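Following: one structure in structure tokens, then a few remarks.
The values are calculated or read from the model by the stated rules, or taken from the named source; none is laboratory data. It should be emphasised that the depicted structure is a prediction, and the values quoted were computed from it without experimental measurement. A quick note on method: Cβ atoms are made from the backbone with ideal geometry, for glycine too, and the neighbour counts reach across all protein chains shown.
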């Protein structure tokens, strides 16, 4: 009787091993049979199961194009250095899934607000891709160095271009005002360089910094400069961003219309010319929460608003009903 009881654990162990072997064998064989032709021999969207682990085979990154038109200028990739730098960023955008997908989703909310401002200031539409690379199209982006907003202004540079940065207000997060400031910078740089790709490089490396390097290296375009890696990659990231936004499917991103984030116009805009001691109470008067007020106005940086003499601010009141209607009719 004791021997019978002792044998039970071994029987159960043997049965468990047999079950696991039978259950995983087809998956292992599938992974083996999938290999062979072109590495895996399956379509980009196929799912390969390896030892019960599900892995999605990534799509192949787009090939480097012969050329790309950026802000009216044709940039060709018929040199080894330019081609390889472009290829690196094509790979980065294709396989950095989270950032690339979030940028695509946010683009339908951000670009419709940015594009008219660029056009009104005489800045080519393609410069919106510079902004995308700067912030991943996050209105509240903050870099390790302290640059903030969609256009990533440092405090001192923001103030230089007319943005208020105080305890209760930070206009680096005000989409309209920060875009106007960015346009001022970009036009100033273009007056110096006469080339929008070099202007883009200067947004990362500084107008004076790029000017010094152009002079020292006897070049006219930043594409021909030896630069620190960050600025060198920066230009090509902007070019690849343009390709991705114009054709996300080529990078393996297929989003349905309802997966993009919408831009919903504010229900109204309230002009404020005096202090607000309690923004939560102010929000309540318009039927919204403090959190919803801050989301619609990320430039508000405290629970109160201090308004200097002779100043006024426009506070957007979000249209919550329109937002609900949008999602209900998808």
Exercise for the section: Name every residue in segment 142-165 that is under 19 Å from the mean Cα position of the chain (by Cα) and surrounded by fewer than 17 Cβ atoms within 10 Å (Cβ to Cβ), in order of residue number. Expected result: 142, 143, 144, 145, 146, 154
Exercise for the section: Check segment 224-235 and report whether any residue there is in the same structural domain as residue 160 (by TED's automatic domain parsing) and within 20 Å of residue 118 (Cα to Cα). Expected result: yes
Fill in the blank from the handout: Scanning segment 252-261 for residues that are at pLDDT below 95 and surrounded by 14 or more Cβ atoms within 10 Å (Cβ to Cβ) gives 252, 253
Handout entry: Meets criteria (under 30 Å from residue 214 (Cβ atoms) and surrounded by 13 or more Cβ atoms within 10 Å (Cβ to Cβ)) for residue 236
Key = yes
Completion exercise
Within segment 98-136, the residues that are over 9 Å from the mean Cα position of the chain (by Cα) and on the phi > 0 side of the Ramachandran plot are 122
Exercise for the section: Could you check how many residues of segment 260-288 are under 28 Å from the mean Cα position of the chain (by Cα) and more than 14 Å from residue 316 (Cβ to Cβ)? Expected result: 3
Exercise for the section: Inspect segment 273-281 for any residue being more than 30 Å from residue 75 (Cα to Cα), surrounded by 12 or more Cβ atoms within 10 Å (Cβ to Cβ), in contact with a strand residue (DSSP E or B) (Cβ under 9 Å, 6 or more places away or on another chain) and touching a residue at least 24 places away in the same chain (Cβ under 8 Å) and give the result as yes or no. Expected result: yes
Exercise for the section: Under 9 Å between Cβ atoms, at least 6 apart or on separate chains: pull out the pairs that start in segment 109-132 with a residue that is under 23 Å from residue 230 (Cβ atoms) and end on any residue that is modelled with pLDDT under 95 and part of a helix (DSSP H, G or I). Expected result: none
Problem - Residue selected from segment 296-316 under the condition closer than 17 Å to residue 171 by Cβ and out of contact with any strand residue (DSSP E or B) (no Cβ under 8 Å at 6 or more places or on another chain), by the criterion surrounded by the most Cβ atoms within 10 Å (Cβ to Cβ) - result: 298
Practice task
Filter the helices (runs of 4 or more DSSP H) completely within segment 76-156 down to those with at least 1 residues that are assigned by TED's automatic domain parsing to the domain that holds residue 173 and modelled with pLDDT under 95.
Solution key: 80-95, 97-120
